[in-house]
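Here is the structure we will look at, set down as structure tokens.
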Amino acid sequence: MDGQVTHRVTVRPLGAELDVHDGEDLFSAARRLGYRWPTVCGGKGTCRTCFVQVEEGAENCSPVGPLEREGIEALRRPVDGLTRLACRLRVEGPVTVTKRGVRRRVQE
């Protein structure tokens, strides 16, 4: 182990368990670990395609910032900490989210 602090994020319905580094967003962690995450903008926070539903551990999620708030409102969802953009979501403890369309990257 490289001494880096990680936090476990479970992604349903796939059942993937991702170790997200301190300060790393969920979208970047998934890509680093070999997962394809639905996106159009590539993690810039503008397409809102990466949004997740937080099922457990909302208290371990980073605060919603202005860009993320704007995206959640554009999705016509409440800014209640349960709908989040994966490209903006940082965690500080175990979290479970639901996001359809997350897949393991095919090894070439």
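The values are calculated or read from the model by the stated rules, or taken from the named source; none is laboratory data. Note that this is a predicted model, so its numbers are computed, not measured. A quick note on method: Cβ atoms are made from the backbone with ideal geometry, for glycine too, and the neighbour counts reach across all protein chains shown. Heavy atoms of the whole protein, side chains included, go into the accessibility calculation; ligands, DNA and RNA do not. Shrake-Rupley method; radii C 1.70, N 1.55, O 1.52, S 1.80 Å.
Given the options Arg90, Arg48, Arg77, which has the most mean-square fluctuation in a GNM of the chain, springs set between C-alpha atoms less than 10 angstrom apart?
Top of the fluctuation ranking is Arg77.
Name the shape class, rounded, prolate or oblate, that the alpha-carbon gyration tensor gives for the stretch 66-108, where a ≥ b ≥ c are the square roots of its eigenvalues, rounded holds for a/c under 1.5, and otherwise prolate holds if a/b is larger than b/c and oblate otherwise.
Taking the square roots of the gyration eigenvalues as a ≥ b ≥ c, the stretch 66-108 is prolate.
Just to confirm my numbers, what's the Cα centroid distance between the stretch 86-108 and the stretch 1-78 in Å?
6
Measuring with a 1.4 Å probe in the full set of protein chains, what accessible area per residue, in whole Å², belongs to the stretch 1-100?
It amounts to 53 Å² per residue over the stretch 1-100.
Quick check for me: using +1 on Lys/Arg Cβ and -1 on Asp/Glu Cβ, what's the dipole size of the stretch 10-108 about its Cα centre, in debye to the nearest 20?
In debye, rounded to 20, the stretch 10-108 gives about 600.
Ignoring ligands, DNA and RNA, what percent of the 1.4 Å accessible area of the chain is carbon and sulfur?
47
Sort 34-44, 9-19 by the packing proxy (mean of other Cβ within 10 Å over each peptide's residues), most packed first.
The packing order, highest mean first, is 9-19, 34-44.
From Cα pairs below 8 angstrom and at least 6 apart in sequence, can you work out the relative contact order of the chain, rounded to a whole percent?
With pairs under 8 Å counted, the relative contact order is 37 percent.
With a point put 7 Å past each Cα toward its Cβ, work out how far Arg32 is from Glu92 in nm, to one decimal.
With each label point 7 Å from Cα toward Cβ, the separation is 1.9 nm.
Read through the labelled values (1) 13, 35, 25, 16, 8, 3, 1; (2) 16, 52, 29, 4, 0; (3) 11, 30, 35, 20, 4 and report the label of the one computed as P(r) over Cα pairs in 10 Å bins from 0, in percent from the structure.
Comparing each candidate, only (2) matches the computed number.
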